[in-house]
Amino acid sequence: MGVLAWAGCVAVIGWAAALSVNDIRELRLPNRLTVGGALAIVIIAVCCGRGLSAMLGALALGLLYLLVHLVAPAGLGAGDVKLALGVGALTGALGAGIWAMAAVAAPMATAVLGLVAAARGYRGPIPHGPSMLTASVGAAALAVF
């Protein structure tokens, strides 16, 4: 893997960490990071010849999350919908299997966290962004490494 690919990996991990920390602390995913990250990922994917698959991944996951948000707005925030564009682009650029793996793993991880939290007596909200990012970075790592 070349220097630029490693730099991209580091940038994605930094992006995921910043968003995760913010979502855990504030239950909020800032637009400048969600939308900015999605745009950067799509631009890089276009430059690498994977623009169409990145855009399809972003569109598919974004629409899926939008539908869930419209049906149950208290269960899934608008920030998660915007984040779905970036993680959908990231995983979509790497293939349908990687996209599907991340798309399934993220809600499963949040559900497990919710069950563990409930078993320990916690009744507050569980941020979904960290699960989305962990599932996507993990699936991407399987594709890259």
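If one takes the longest principal axis of the Cα atoms in the chain, at what angle in degrees, from 0 to 90 and to the nearest 10, does the Cα axis of helix 78-93 lie?
Orientation of helix 78-93: about 40 degrees from the principal axis.
Nothing charged except the Cβ atoms of Lys and Arg (+1) and of Asp and Glu (-1): what's the magnitude of the dipole of the chain about its Cα centre? Round to the nearest 20 debye.
160
Enumerate by residue number the trypsin sites (Lys or Arg not before Pro) in the stretch 50-145 meeting two conditions: DSSP loop (anything except H, G, I, E, B), and at most 14 other Cβ atoms within 10 Å of the site's Cβ.
Answer in residue order: Arg120, Arg123.
Using only Cα atoms and rounding to the nearest 10 degrees, what angle (0 to 90) does helix 31-47 make with the longest principal axis of the chain?
Between helix and principal axis, roughly 30 degrees.
Using 0.36 nm times the number of residues separating Leu67 and Leu39, minus their current alpha carbon distance, what extension gain do you get?
The Leu67-Leu39 span can extend by a further 7.9 nm.
Say we join alpha carbon atoms closer than 10 Å with springs in a Gaussian network model of the chain; which of Ala89, Ala40, Ala102 then has the biggest fluctuation?
Highest fluctuation among the options: Ala40.
Give the peptides 51-61, 103-113 in descending order of average Cβ contacts within 10 Å, highest first. Before the final figure, lay out the partial values.
Values: 51-61: 20.3, 103-113: 17.0.
Sorting 51-61, 103-113 by mean packing, highest first, produces 51-61, 103-113.
Run the numbers for Ala118 and Val104: contour at 0.36 nm per residue of separation, minus the present Cα-Cα distance, in nm.
The span from Ala118 to Val104 would gain 2.9 nm if fully extended.
When the chain is fully extended, how far beyond the present Cα-Cα distance does Ala78 get from Ala5, taking 0.36 nm per residue of separation?
Extra length available between Ala78 and Ala5 comes to 23.2 nm.
Rounded to the nearest 10 degrees, what's the angle between the helix 51-71 long axis and the longest principal axis of the chain, both from Cα atoms, 0 to 90?
So the inclination is approximately 10 degrees.
All of the numbers you see were taken from the coordinates with simple rules; none came from a lab. As the structure is a prediction and not an experimental result, all values here were calculated from the model. Backbone-built Cβ (ideal geometry, glycine too); neighbour counts: all protein chains shown.
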